[in-house]
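Read the figures in this text as sums done on the coordinates, not as results from a lab. Just so it is clear, the structure is predicted and the values come from calculations on it, not from any experiment. Cβ placement follows ideal geometry from the backbone for every residue including glycine, while neighbour counts extend to all protein chains displayed.
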Amino acid sequence: MTRRSLPDRAKVLIAGGGIGGLAAALALAQKGIGSLVLEKASRLGEIGAGIQLGPNAFHCFDRLGVGETARQMAVYIDQLRLMDSMADGEICHIDLGDTFRKRYGNPYAVVHRGDLHGVLLKACRDHPLIELRVSSEVVGYDQSKKSVTAKLGNGETVTGTALIGADGLWSNVRRQVVGDGKPRVSGHTTYRSVIPTEQMPEDLRWNAATLWAGPKCHIVHYPLSGWKVFNLVVTYHNDAPEPVAGQPVPVEEVRRGFAHVCERAQNIIRHGVDWKMWVLCDRDPVENWIDGRVALLGDAAHPMMQYMAQGACMAMEDAVCLADSLAHAAGDLPAGLVRYRDRRVLRTTRVQLMSRAMGDHVYHPDGPHAALRNAIMNAKSQAEWYTALDWLYGGNGLD
Ligand SMILES: Cc1cc2nc3c(=O)[nH]c(=O)nc-3n(C[C@H](O)[C@H](O)[C@H](O)COP(=O)(O)OP(=O)(O)OC[C@H]3O[C@@H](n4cnc5c(N)ncnc54)[C@H](O)[C@@H]3O)c2cc1C
């Protein structure tokens, strides 16, 4: 397809070319709406390794027109498995086989972030209604009744019909729309690594997203990239005071927070290489994601802890809902943005708050609190687990 540059006033501006921003561009294109993605970095890409995708992500892929390619890159796991890292035993698991897939209409999978971003990026590059620009940091905006003008870090301006702030946790667009200061530093430090499958302890090469829960710490692992590697994410609630993103650290530092867990769990960490560290942040939910022709999406709107593995899934749902709402608004763009916000805010609030609660009550409890977790979670049948997940994976998450 040949690419025409759209006249400025005919396109939606999107700040940020992460999973949320690219999904928004694709969703809008599916409705015949052109967009210009403005990415701060000098190249489009993703850091970090694995990401879990619930069935709701696959509903979105279909609506974004990338269902088939997205399905090809995924590893389909059999279980979500919760282990007790003190007692070295399983607490419970959720089966992700046929019954799960039938109930939710789609599978649960794990993918490499780079692969997921790559699928979205290729589809954007191939679409004549989408323009991508790098080295373009959006620092603020002005708007009139008919248009919005994004101000870029290099002094340039770009005008469009709307501005979508998909610029992540430290969003500049949010600073102007909401103005609620810096994100909350959670005090949870996450370390990420990837190891070749043959170096993963043999008795733990499970086709599952496995979580070892322990006092103030946990370990997550799952196979990735056609089983070539295992993704390792370990988190230590050490009350870290400052945000950090992607800083290399030695394995000794990672091991420090896990000296109290069972030998088998400690052993997983010993196999990690090239560890990188993040101090996680989130925000309290807010409702005011909209300012006239400007709206927030993804982490810019509702940054959350990763404990429900839903941040990227929510960003893609936002994207589909945004495009749907604008198409429905038949030219009244500000009304379309309000409709989008109204349809998304309760669901994303629920995921934000539950993600925090899961850190406290499932991932990190100790003593009788942990024993209570084990008793409650161990008592649930598969049918009860599915009922508990219906609100998240049932329907298409958008209606
Ligand atoms: C350890 C960890 C594990 C996770 N696991 C999962 C999981 O299993 N499943 C899941 O669904 N989610 C998971 N998440 C959450 C998920 O990574 C995020 O929610 C998701 O990436 C948010 O996408 P986004 O596009 O909104 O923001 P981002 O990914 O932050 O993208 C923002 C983009 O905007 C650019 N940008 C920033 N500022 C500007 C600006 N001013 N102007 C222009 N461009 C700008 C950035 O360079 C970036 O490209 C996890 C998160 C963490 C930290």
Fill in: Residue match in the range 149-159 (condition: of a type outside the set (A, V, I, L, M), more than 30 Å from Leu38 (Cβ to Cβ) and in contact with a strand residue (DSSP E or B) (Cβ under 8 Å, 6 or more places away or on another chain))
no
Worksheet item: Based on what the data block shows, is Gln52 surrounded by fewer than 21 Cβ atoms within 10 Å (Cβ to Cβ) and either closer than 30 Å to Arg264 by Cα or away from the ligand (no atom under 16 Å from the Cβ) (or both)?
Response: no
Worksheet item: List, please: which pairs have Cβ atoms under 7 Å, are six or more places apart or on different chains, and start with a residue in the range 141-155 that is without any contact (Cβ under 8 Å) to a residue 12 or more places away in the chain and end with one that is acidic (Asp, Glu)?
Response: Thr149/Asp142
Worksheet, complete the sentence: The condition of being more than 30 Å from Ser171 (Cα to Cα), within 16 Å of the ligand (Cβ to nearest atom) and touching a His at 6+ places or on another chain (Cβ under 9 Å) holds, among Val229, Val279, only for Val229
Worksheet item: If you take the residues in the range 55-78 that are in contact (Cβ under 8 Å) with a residue 12 or more places away in the chain and charged (D, E, K, R), which one is surrounded by the most Cβ atoms within 10 Å (Cβ to Cβ)?
Response: Arg63
Item to complete: Starting from the range 228-251, keep only residues that are within 20 Å of Pro201 (Cα to Cα), then list their pairs with residues that are hydrophobic (A, V, I, L, M, F, W, C) and part of a strand (DSSP E or B) whose Cβ atoms are within a distance under 6 Å, requiring at least 6 positions of separation or different chains.
Response: Val229/Val194; Phe230/Ile195; Asn231/Val194; Asn231/Leu224; Val233/Val220; Val234/Ile219
Discussion item. I'm checking my understanding of the structure. Among residues of the range 55-100 that are within 16 Å of the ligand (Cβ to nearest atom) and in a loop (DSSP other than H, G, I, E, B), which one is farthest from Leu22 (Cα to Cα)?
Written reply: Leu96
Worksheet, complete the sentence: Being of a type in the set (Lys, Arg), more than 10 Å from the ligand (Cβ to nearest atom) and under 22 Å from Glu46 (Cα atoms) narrows Arg184, Arg125 down to just Arg125
Fill in: Any hit, the range 361-383, residues being under 25 Å from Gly181 (Cα atoms), part of a helix (DSSP H, G or I) and either of a type in the set (A, V, I, L, M, F, W, C) or within 15 Å of the ligand (Cβ to nearest atom) (or both)
no
Response to the item:
The strands (runs of 3 or more DSSP E) lying wholly within the range 181-249 that contain at least 3 residues that are in contact with a Ser or Thr (Cβ under 8 Å, 6 or more places away or on another chain) are 184-196, 208-214, 217-224, 229-237
Practice prompt. Say whether the condition of being crowded, with 17+ Cβ neighbours inside 10 Å, outside any helix (DSSP H, G or I), more than 11 Å from the ligand (Cβ to nearest atom) and within 18 Å of the chain's Cα centre (by Cα) is met by at least one residue in the range 143-158.
Written response: no
Worksheet item: Only one of (1) closer than 21 Å to Pro107 by Cα; (2) loosely packed, with under 13 Cβ neighbours inside 10 Å; (3) within 24 Å of the chain's Cα centre (by Cα); (4) among the hydrophobic types (A, V, I, L, M, F, W, C) is not met by Ala383, so which one is it?
Response: (3)
Practice prompt. Please enumerate the residues belonging to the range 387-399 that are within 22 Å of the chain's Cα centre (by Cα) and in a helix (DSSP H, G or I).
Written response: Ala388, Leu389, Asp390, Trp391, Leu392, Tyr393
Worksheet entry | Residues of the range 240-255 satisfying the condition of being surrounded by 11 or more Cβ atoms within 10 Å (Cβ to Cβ), of a type outside the set (S, T, N, Q) and under 23 Å from the mean Cα position of the chain (by Cα) | Ala240, Pro243, Val244, Ala245
Worksheet, complete the sentence: With the first residue restricted to the range 363-378 and required to be at negative phi, and the second required to be among the β-branched types (Val, Ile, Thr) and surrounded by 13 or more Cβ atoms within 10 Å (Cβ to Cβ), Cβ contacts under 7 Å at 6 or more apart or on different chains are Arg373/Val362; Asn374/Ile91; Met377/Ile91; Asn378/Ile91
